[in-house]
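Q: So that we are looking at the same thing, I have put the structure below in structure tokens.
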Amino acid sequence: MTDIIDKAAMALSGGLMLLGVVGLGIVEILAGQPYGAAPMTNDAGEVVATPMVDPTIRTGLVLAAIAVLGVYAAYKLVTPVPEETTAGREVTAD
């Protein structure tokens, strides 16, 4: 059984993860070369090309998604589990 907090945590962490990995990856592909995280340099050491989206932003989004899952896990650890009751249920005897 999932409640609103479960759904919110799954949506937020999934959204951040997809944005950081897939969304910004597509932006990098559409921007063209270079695809790597490090700037490209020539033989003289001059920077000739840099990625469009800074790799720290992408990493930050993925780490934020993992942090949301960590907070959600801590919430689930401290929340008591509701006990099932047999009141109102018909129980058959042997």
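Q: For the chain, what does the helix formula give at 222 nm: sum of -39500 (n - 2.57) over DSSP H segments with n ≥ 4, over the residue count, nearest 500 deg cm²/dmol? Mind dumping the intermediate values first?
A: Working: 3 runs with 47 residues, N = 94.
Computed mean residue ellipticity for the chain: -16500 deg cm²/dmol.
Q: Still on this structure: If each residue of separation counts as 0.36 nm, what is the full-extension length gain between residue 12 and residue 41 once their alpha-carbon separation is subtracted?
A: 6.7 nm
Q: Helix 55-78 versus the longest principal axis of the chain: what is the Cα-based angle in degrees, 0 to 90, to the nearest 10?
A: In the chain, helix 55-78 runs at an angle near 10 degrees to the longest axis.
Q: Moving on to the next point. Could you tell me which of 64, 29, 4 has its Cα farthest along the dipole of the chain towards the positive end, charges placed at Cβ (Lys, Arg +1; Asp, Glu -1), taken about the Cα centre?
A: 29
Q: If you don't mind, another one. Pick the calculated Cα extents along the principal axes in Å for this structure from (1) 87, 51, 17; (2) 86, 25, 23; (3) 44, 29, 20?
A: For Cα extents along the principal axes in Å, the calculated option is (2).
Q: Taking the Cα centre as origin and putting +1 on Lys and Arg beta-carbons and -1 on Asp and Glu beta-carbons, what dipole magnitude results for the chain, to the nearest 20 debye?
A: On the way: 4 positive and 10 negative charges, 35 e Å.
Here the size comes out at about 160 debye.
Bear in mind these aren't lab numbers, they're just calculated from the coordinates by the rules spelled out. Just so it is clear, the model here is predicted, and its values are computed rather than measured. With ideal geometry, Cβ positions are generated from the backbone for all residues, glycine too; neighbour counts draw on all protein chains shown.
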